Structures are given as structure tokens and as C-alpha cells.
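Enquirer: Take a look at the following structure, please.
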Amino acid sequence: MTWHVLGAGSLGSLWAARLFRAGLPVRLILRSTERLAAYRAAGGLSLVENGQSHLYPIPAETADTSGPVQRLLLACKAYDAEEAAASLAPRLGPNAEIILLQNGLGSQDAVATRLPRARCILASSTEGAFREDAFRVVFAGQGHTWLGIPGQTQAPGWLAELTQAGISHDWTADILGKLWRKLALNCAINPLTVMHNCRNGDLRDWPHEVAALCEELTRLLLSCAQKDAADGLLTDVQRVIEATAANYSSMYQDVARGQRTEIAYLLGYACAAARQQQLNVPRLDALHAQLLAHLAARGLPLV
Ligand code: NAD
Ligand code: KPL
């Protein structure tokens, strides 16, 4: 079955290139006819790995091309997910599957509500990739992708294709736990790197701030019935700060480039969930307010 990959950005290109070179049928779905023309002029997608670049001439189309879409990898940012998925609604068959690669929480529910007949598979990835140029992506960090449908232990047979493509992955019924844990890590690290204008490793200089955020995030996770995601959160955050010490967080990079952030699906989602649980999280609320003010001062979207 064909893998349709919507979004030829960092992760979409990384997945599409590996599936394609494993001999699997892949089609990219690009934003517009202009992007499609530019893509064709480039001759395909280039993936840079260990300093070596390879060009993959993956077939591409736009959303309004005809033909059914049965398995869709939605590889756009969280704030684009609902509209991007909806643009393919007329092409989705009754048993269509959509793999949602978005970070954070909130966008997955929006897609599932908008497309109630599609089978949504959630994903949480620690792989790292960035765009060096249009249609040229660098595979920057090996990682792992968790896939799952909440509560469903039976994995689909096509996961074997990910193994064939060399994409490190596992199926889990506790995909929400994985997404919550990553969200908590991102909430404890990313906003602070923006507010302190620093690399992840520099957060060693603010241990009390990191610990206080982790304490509130732990209470939030427990009140949302996410015990596994709550366990050892501070230790894990400290581990990630060490392991990625030289890196700038993704949110730091978005702000530095004047790009929209995924704040609404990370810290914004956490603060809204706390309000819903009637949980007092003053540090998270204050950081959220500071971050919103910081974005507003730079003319960046607040959602
Ligand atoms: P990206 O901005 O590099 O790529 C997104 C692509 O989607 C862009 O090319 C954009 O033009 C395209 N797009 C958006 N709407 C579209 C539409 N309607 N039709 C066609 N194309 C459309 O983003 P990314 O870095 O690949 O991130 C995708 C998601 O994965 C995010 O939620 C991110 O947080 C998460 N993530 C990224 C990484 C990483 O290393 N890049 C790692 C883990 C998780
Ligand atoms: O995922 C990250 C990001 O930068 O978005 C890490 C490296 C874990 C920091 O939160």
C-alpha cells in the first residue's frame, strides 16, 4: 500500500526518503502547485546523513490530485495538522489510517474530531532532522519513534515496513503516556531556553527553576492519570539537559528564526489541562505568561 507523506519538511522528508529507498511505494503531498514545480525542478528530496547527501526522486503531488489515500503520514507542525488532514478528506477511504507525527498534545484530538472515520495512529519521536534548504534535509540525531492507538495492544502488520526502512520504532498501547512525557520534558526545557536565551546545557545554572517546573508538571501528570509519564520526570529532564547540552531547543530555534512555535500544544496545553483539573500550577502559568509576552513582543503568533 502506498505511503502518502504530507509535508516535505524535516521529519516528513526523513521518513519519505527512508521508505522510498527501502523500495516501498511513497508519494509526497506538497502544499501548492508552486511547491510541486519547485520540487520537480530540484529532482527530488535530498537527505544528508553522516555528511553524505543522496537524492531521492520520490513522486509528489498536491492534496487536490485525484486518487485514494489509504495510509497517510501527517508530518506537518501541530498548528497545521487539522487543516492539512482536512484537505485530504475527499480522498480518504473508509478504513484510511493517519499517522500523526506532531509533537505535544491537542492537535491529535483536533484531527480525530475533524475526520471521525479515519483511524488515527499517534506517534512520538525523538529523531532529529532539520531543513538545510528547500527539499534538502539533514538527519541530525538518531532516535526512536513510538506509535500507538490509546489502549490498543495489537500493532498493525505494516510496522514491518518501518523495520524494512530502518526506522527505529515500537508500538505501545500507552502512546498518550509517551506524548505526555515528551510534552513535560519540552515544557521543562524549551520555554526556559527561550526566556534565558541559552542552550539546553545552560539550564544547569537554573536548577531550582527546572526542579520547580518538574514538581508542578509531575502533579499535573498524576492528576491526568499519567503515572508512568510522571515517574522520575526531574531525573529525566536533567538527563536530557546533559545529553543535549550543546543544542538549542526547537522552540529556541523557532523564536530565533522568527517562526511560529508550537506553544499552544506544549506549555499552553499543559496550563489548560491544569485549569481543567483545577490544579494550581503558578510556575507553569507564570512561565506561560512570560513566554506569550516574549512572542507578542516579537510579533509571533500566540497560538
Ligand atoms: P517542518 O516545518 O520542517 O515541516 C513541516 C512541513 O509541513 C513543511 O514543509 C510545511 O510546508 C508542510 N505543510 C504544512 N501544512 C501543509 C499542507 N497543508 N500541505 C502540505 N504540506 C504542508 O516540521 P518538522 O520539524 O518536520 O516537524 C513536524 C512535527 O514533528 C512537529 O510537530 C515537530 O514538533 C515534530 N518533531 C520534529 C522533530 C525534528 O527533528 N524536526 C523531532 C521530533 C518531533
Ligand atoms: O525535544 C526537544 C526539543 O528541543 O524540542 C528537547 C531536545 C528534548 C528539549 O526539550
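Enquirer: Within region 269-303, how many residues turn out to be surrounded by fewer than 18 Cβ atoms within 10 Å (Cβ to Cβ) and not in a helix (DSSP H, G or I)?
Expert: 10
Enquirer: So, one more: Condition test on D205, is it farther than 27 Å from D174 by Cβ and acidic (D, E)?
Expert: Values: farther than 27 Å from D174 by Cβ: yes; acidic (D, E): yes.
For D205, the condition - farther than 27 Å from D174 by Cβ and acidic (D, E) - is met.
Enquirer: Of the numbered conditions (1) in contact (Cβ under 8 Å) with a residue 12 or more places away in the chain; (2) within 16 Å of ligand 1 (Cβ to nearest atom); (3) under 21 Å from R131 (Cβ atoms), H169 satisfies every one except a single condition; which is it?
Expert: (3)
Here is a yes/no grid of residues against (1) crowded, with 23+ Cβ neighbours inside 10 Å; (2) touching a Gly at 6+ places or on another chain (Cβ under 7 Å); (3) touching a residue at least 40 places away in the same chain (Cβ under 8 Å):
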{"position": "Y56", "(1), (2), (3)": "no, yes, yes"}
{"position": "P59", "(1), (2), (3)": "no, no, no"}
{"position": "S66", "(1), (2), (3)": "no, no, no"}
{"position": "R71", "(1), (2), (3)": "no, no, yes"}
{"position": "N95", "(1), (2), (3)": "no, no, no"}
{"position": "I98", "(1), (2), (3)": "yes, no, no"}
{"position": "A110", "(1), (2), (3)": "no, no, no"}
{"position": "S124", "(1), (2), (3)": "yes, no, yes"}
{"position": "E127", "(1), (2), (3)": "no, yes, yes"}
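Enquirer: Now for a different question. Being more than 11 Å from ligand 2 (Cβ to nearest atom), in a helix (DSSP H, G or I) and crowded, with 21+ Cβ neighbours inside 10 Å is the requirement here; does L179 meet it? Before the answer, list the steps.
Expert: On the way: more than 11 Å from ligand 2 (Cβ to nearest atom): yes; in a helix (DSSP H, G or I): yes; crowded, with 21+ Cβ neighbours inside 10 Å: yes.
So L179 passes the test.
Enquirer: Can I ask one more? Condition check: open to solvent by less than 30 Å² (accessible area, probe 1.4 Å), within 16 Å of ligand 2 (Cβ to nearest atom) and not polar (S, T, N, Q). Does G44 satisfy that? Working first, answer last.
Expert: On the way: open to solvent by less than 30 Å² (accessible area, probe 1.4 Å): yes; within 16 Å of ligand 2 (Cβ to nearest atom): no; not polar (S, T, N, Q): yes.
Against the criterion (open to solvent by less than 30 Å² (accessible area, probe 1.4 Å), within 16 Å of ligand 2 (Cβ to nearest atom) and not polar (S, T, N, Q)), G44 does not qualify.
Enquirer: A further question follows. Of all the residues that make up region 216-265, how many are more than 16 Å from ligand 1 (Cβ to nearest atom), under 21 Å from E127 (Cα atoms) and charged (D, E, K, R)?
Expert: So the count comes out to 3.
Enquirer: Which is at pLDDT 95 or above and within 26 Å of C76 (Cα to Cα), of D205, D254, D231, D236?
Expert: D254
Enquirer: Among (1) in contact with a Leu (Cβ under 7 Å, 6 or more places away or on another chain); (2) within 16 Å of ligand 2 (Cβ to nearest atom); (3) not small (G, A, S), where does N197 come up short?
Expert: (1)
Enquirer: Out of all the residues in region 59-80, which are within 14 Å of ligand 1 (Cβ to nearest atom), over 14 Å from C120 (Cα atoms) and touching a strand residue (DSSP E or B) at 6+ places or on another chain (Cβ under 7 Å)? Even if it seems obvious, please write down each step before you answer.
Expert: So the first thing to find is which residues in region 59-80 are within 14 Å of ligand 1 (Cβ to nearest atom), and the list is 60-65, 69, 72-80.
Next, only the ones that are over 14 Å from C120 (Cα atoms) stay: 60-65, 76-80.
Within region 59-80, A60, E61, T62, A63, C76 qualify.
Enquirer: Go through region 81-93 and give me each residue that's surrounded by 18 or more Cβ atoms within 10 Å (Cβ to Cβ) and within 11 Å of ligand 1 (Cβ to nearest atom).
Expert: Of the residues in region 81-93, the ones surrounded by 18 or more Cβ atoms within 10 Å (Cβ to Cβ) are 81-82, 84-85, 88, 91-92.
Selection gives A81, E82, A84, A85, L88.
Enquirer: On the basis of being open to solvent by less than 40 Å² (accessible area, probe 1.4 Å), over 28 Å from S249 (Cα atoms) and within 13 Å of ligand 1 (Cβ to nearest atom), does L105 make the cut? Step through it out loud before you land on a result.
Expert: Working: open to solvent by less than 40 Å² (accessible area, probe 1.4 Å): yes; over 28 Å from S249 (Cα atoms): no; within 13 Å of ligand 1 (Cβ to nearest atom): yes.
Answer is no for this residue.
Enquirer: Tell me which of these R40 doesn't satisfy, since it passes every other one: (1) in a strand (DSSP E or B); (2) closer than 27 Å to P90 by Cα.
Expert: Result: R40 passes all but (1).
Enquirer: Would you mind stating whether R21 is of a type in the set (K, R) and either away from ligand 1 (no atom under 14 Å from the Cβ) or open to solvent by less than 20 Å² (accessible area, probe 1.4 Å) (or both)?
Expert: Numbers: of a type in the set (K, R): yes; either away from ligand 1 (no atom under 14 Å from the Cβ) or open to solvent by less than 20 Å² (accessible area, probe 1.4 Å) (or both): yes.
Yes, satisfied.
Enquirer: Looking at L222, is it within 18 Å of L287 (Cβ to Cβ) and surrounded by 14 or more Cβ atoms within 10 Å (Cβ to Cβ)?
Expert: Numbers: within 18 Å of L287 (Cβ to Cβ): no; surrounded by 14 or more Cβ atoms within 10 Å (Cβ to Cβ): yes.
Judged against the criteria, L222 is not a match.
Enquirer: Sort out which residues of region 185-217 are open to solvent by less than 40 Å² (accessible area, probe 1.4 Å) and of a type in the set (S, T, N, Q), and write them in order of number. Outline the logic, then answer.
Expert: Start the filter on region 185-217 by keeping residues that are open to solvent by less than 40 Å² (accessible area, probe 1.4 Å), which leaves 185-194, 198, 200-201, 203, 210-214, 216-217.
Those that are open to solvent by less than 40 Å² (accessible area, probe 1.4 Å) and of a type in the set (S, T, N, Q): N186, N190, T193, N200.
Enquirer: Name the residue, out of S13, S32, that is open to solvent by 10 Å² or more (accessible area, probe 1.4 Å), touching a strand residue (DSSP E or B) at 6+ places or on another chain (Cβ under 9 Å), assigned by TED's automatic domain parsing to the domain that holds G104 and among the small types (G, A, S).
Expert: Values: S13 fails: open to solvent by 10 Å² or more (accessible area, probe 1.4 Å).
Among S13, S32, only S32 is open to solvent by 10 Å² or more (accessible area, probe 1.4 Å), touching a strand residue (DSSP E or B) at 6+ places or on another chain (Cβ under 9 Å), assigned by TED's automatic domain parsing to the domain that holds G104 and among the small types (G, A, S).
The values are calculated or read from the model by the stated rules, or taken from the named source; none is laboratory data. Bear in mind that the values here come from a model prediction, so they are computed numbers and not experimental data. Ideal geometry is used to build each Cβ from the backbone, glycine not excepted, and the neighbour counts take in all protein chains shown. For accessibility, only protein heavy atoms count, side chains too; no ligands or nucleic acids. Shrake-Rupley method; radii C 1.70, N 1.55, O 1.52, S 1.80 Å.
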